[in-house]
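The structure under discussion appears below in the form of structure tokens.
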Number of protein chains: 2
Amino acid sequence: MEDDIINLIRAELGISGPFEDAESVPLGGTKLMVTTDMLSEGDDFPQGMPPHAIGWVSVAANLSDLAAVGAAPLGLVMAWGFPRPEDERIREIAKGMKECASFHKTRILGGDVNRLDRLVISGTAFGSAGNPLRRGSARAGDRILVSGKLGASSAAYITYWEKREPDGRIMERFHRPLIKLGLMHELAGKGLVNAAIDDSDGLSPSIHHICRESRAGAVLEYEKIPLFEGIEKYTNAKYPSALDLANIGNDYEVFMTVAEENLDEVLKMGRRHKAELYDIGRITEKGVLIERGGKREAFPRTGFSHF
Amino acid sequence: MEDDIINLIRAELGISGPFEDAESVPLGGTKLMVTTDMLSEGDDFPQGMPPHAIGWVSVAANLSDLAAVGAAPLGLVMAWGFPRPEDERIREIAKGMKECASFHKTRILGGDVNRLDRLVISGTAFGSAGNPLRRGSARAGDRILVSGKLGASSAAYITYWEKREPDGRIMERFHRPLIKLGLMHELAGKGLVNAAIDDSDGLSPSIHHICRESRAGAVLEYEKIPLFEGIEKYTNAKYPSALDLANIGNDYEVFMTVAEENLDEVLKMGRRHKAELYDIGRITEKGVLIERGGKREAFPRTGFSHF
């Protein structure tokens, strides 16, 4: 549904290239990479989410798209809409934004404010990349890696939505995601990754995106998918398994495909950047499948839609 | 009020430089200029505004900030929030966006969609400028020019708000503003302008901004201020004069200050770009004044605030 809307808009705007995490414009001998992400109270920031975390996540969501294309960040601009200006809350959100930007060695350059019924933060991050990573260049035989554990954000959402007992480690992961910018920029610079996508759409939609854009397939190995510890306690009727939680997304990790011969070097680089890289399957000629207990079955495209 | 919020946010983010229409980042031998503008149904897009105009204006508002710094546009990304996806309306908004971008020789590269209670469009435009124009470099003795007539947008807002009889020329001006990108880029390139600001805040706040950032003053000549024909019919109790309408802003014109010795060349360049440039006063040492019927009085800072 969300994809249909995006496709309708892209068609009308005459955007014909493949759908990427960030847009690319040649500038001064390098490529300027730009990405925008609109987040809002309710859907993206659940009721009760601390303002500092709102600020942090609104920046992290945009940096995550830069990481997925292997860009080095140049800065962000943040447009805010909110109902009443409550000084203390605004200050905390701004503080969260600033700390997230500083942590990732970048900064917020400016922005805009507007009055809206509820909090909306629309950020734009830009960076540079000599050779940006794309979604559509996975090759049959590539290993599929993910840059960290999945499902904590979904478990945190459910904690808020259903007023469950919070798990400190899960909430920390949701409130303060760390983006693999340095690792991805180095991997892209060395040409070690064939295709990449950030996981804002969730495991299943992301793998389907890569396969569709690359005209390829994939086999995931269920036992190797790194599910965040303790998330199974947060499943519910709509998302009955830990894997369903991983399919909602927003863990701000990157899925990447890597040729067999580069695998060792990529894993070594991951260790140097203190990133946990998990090998979860491989790219095939066609079909998106999952292998579980020796049995292989279709891995359907299911995830979260704003609409 | 809006300025207080912006200052609070900027302080918390550690943004210490002067407040400009677009932010500047050195990149590949030039300066990347970035600006973002969040517009929403109700405040910015009045009830009944045609979707095509909503799209056009959402792009034009961002390009206007690039014009004010003399940047050549490289592209835009647009983040949308809306309640229910109504295909026909979305298509028309996208069409308006595309036509505005194409008219101004640029394009929309991508964006984001989100579900919100009402339509919000947050655009980000980026461009390049060798020597960006700034607000804070006006010099005493400079002439103050404006790139077109003022007040039509405010008259159009009042037409919508109060369901007045629409004036075709006023509505056309509001629904399809044309941005002086080419002229401003050339003026900036040739170093012919000392300071500039776009008029999104309105005549009075814009002149006050320039004076404050430049530690200078100004005297405007009331008789020379180009008020859009017919707007006096749209005054009301809150905005009782045509000048009050000009102070609301959103006409997407640029105010600029020009040294006496460059005035002829600037006016000539204006004619070549088919832009109407009006000389409305001059920069002084201090105080913001207006001269009317031979009498000089204070020109207070009054305008529109979203809050």
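Bear in mind that the values in this text are calculations on the coordinates, not laboratory data. Because the structure is a prediction, the values reported are computed rather than measured. When we count neighbours, we look across all protein chains shown, and the Cβ atoms used for this are built from the backbone with ideal geometry, even at glycine.
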### Task
Could you tell me whether region B:143-298 comes out rounded, prolate or oblate from its Cα gyration tensor? Rule is a ≥ b ≥ c as square roots of the eigenvalues, rounded for a/c under 1.5, then prolate if a/b exceeds b/c, otherwise oblate.
oblate
## Note on the structure
Taking the square root of 5λ for each eigenvalue of the C-alpha gyration tensor of region A:21-129, the equivalent ellipsoid has semi-axes, largest first and in whole angstrom, of 26, 13, 12
### Query
Amide H neighbours of residue B:39 under 5 Å, counting only residues 5+ apart in sequence or on other chains, H built in-plane at 1.01 Å?
B:121, B:122, B:123
### Message
Output wanted: per-residue J couplings in Hz (rounded whole) for region A:102-108, from phi through Karplus 6.51 cos²θ - 1.76 cosθ + 1.60, θ = phi - 60°, x for Gly and Pro.
### Response
4, 3, 8, 6, 9, 8, 8
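Across peptide A:39-49, how many C-beta atoms of other chains are within 10 Å of each residue C-beta, on average?
On the way: counts 4, 6, 1, 3, 4, 2, 0, 0, 0, 0, 0.
Per residue, the average neighbour count from other chains is 2.
Highest mean first, what order results for B:190-198, B:276-284 on Cβ atoms within 10 Å?
The packing order, highest mean first, is B:190-198, B:276-284.
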### Query
Suppose R0 equals 56 Å; then what is the FRET efficiency for residue B:178 and residue A:237 from their Cβ-Cβ distance, rounded to the nearest 0.05?
0.55
### Query
On average, how many beta carbons from a partner chain sit within 10 Å of the beta carbon of a residue in B:121-132?
4
#### Entry: Ranked by how many other beta carbons lie within 10 Å on average, peptides A:53-62, B:141-150 from highest
A:53-62, B:141-150
### Message
Just to confirm the numbers: residue B:295, label point 7 angstrom along the Cα-Cβ line, distances to the other copies in nm, shortest first?
### Response
9.1
### Task
With chain B rotated onto chain A, spot the residue of B whose Cβ lies nearest the axis and note the distance in whole Å.
B:28, 1
### Query
Could you give me the ³J(HN,Hα) list for region A:12-20, computed from phi with Karplus coefficients 6.51, -1.76, 1.60 and θ = phi - 60°, whole Hz, x at Gly and Pro?
5, 7, x, 8, 10, x, x, 7, 10
### GluC sites (Glu not before Pro) within region B:129-208, DSSP loop, no more than 10 other Cβ atoms inside 10 Å
B:162
### Task
Above 44 angstrom, tally the Cα pairs of the protein assembly as shown and express them as a % of all pairs, no decimals.
22 percent
### Task
Using DSSP, restrict attention to beta bridges with both residues in region B:207-307 and report what percent are antiparallel, rounded to the nearest 5.
65 percent
#### Entry: Taking chain A and dividing mean pair separation by its residue count, relative contact order in percent (alpha carbons under 8 Å, at least six apart)
23 percent
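Other chains near A:1-10: what is the mean number of their Cβ atoms within 10 Å of each residue's Cβ?
4
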### Query
Between copies, how close do the residue B:233 label points come, placed 7 Å along Cα→Cβ, listed in nm from shortest?
6.9
#### Entry: Other-chain or far-sequence residues with amide H under 5 Å of residue A:137's (modelled H)
A:196
### Cα gyration tensor shape for region B:101-193, rounded if a/c is under 1.5, else prolate or oblate
oblate
### Task
Per residue of region B:22-27, in order, report the coupling 6.51 cos²θ - 1.76 cosθ + 1.60 (Karplus, θ = phi - 60°) as ³J(HN,Hα) in whole Hz, putting x for Gly and Pro.
9, 8, 10, 9, x, 8
### Antiparallel content of DSSP bridges confined to the protein assembly as shown, in %, to 5
75 percent
### Message
Along its three principal axes, how long is region B:1-66 when you only count alpha carbons? Whole Å, largest extent first please.
### Response
41, 33, 13
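Please figure out what share of the DSSP beta bridges in region A:21-129 is antiparallel and state it in percent, rounded to the nearest 5. Walk me through the numbers before you get to the answer.
Working: 24 of 32 bridges.
Here the antiparallel bridges make up roughly 75 percent for region A:21-129.
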### Query
In terms of the Cα gyration tensor, with a ≥ b ≥ c the square roots of its eigenvalues, is chain A rounded because a/c is under 1.5, prolate because a/b exceeds b/c, or oblate?
oblate
### Task
Report, for residue B:26, each distance to the same residue's label point in the other copies, shortest first and in nm; define the point 7 Å along Cα→Cβ.
2.4
### Query
Measuring from label point to label point, each 7 Å out along Cα→Cβ, what is the residue B:43 to residue A:89 span in nm?
1.5 nm
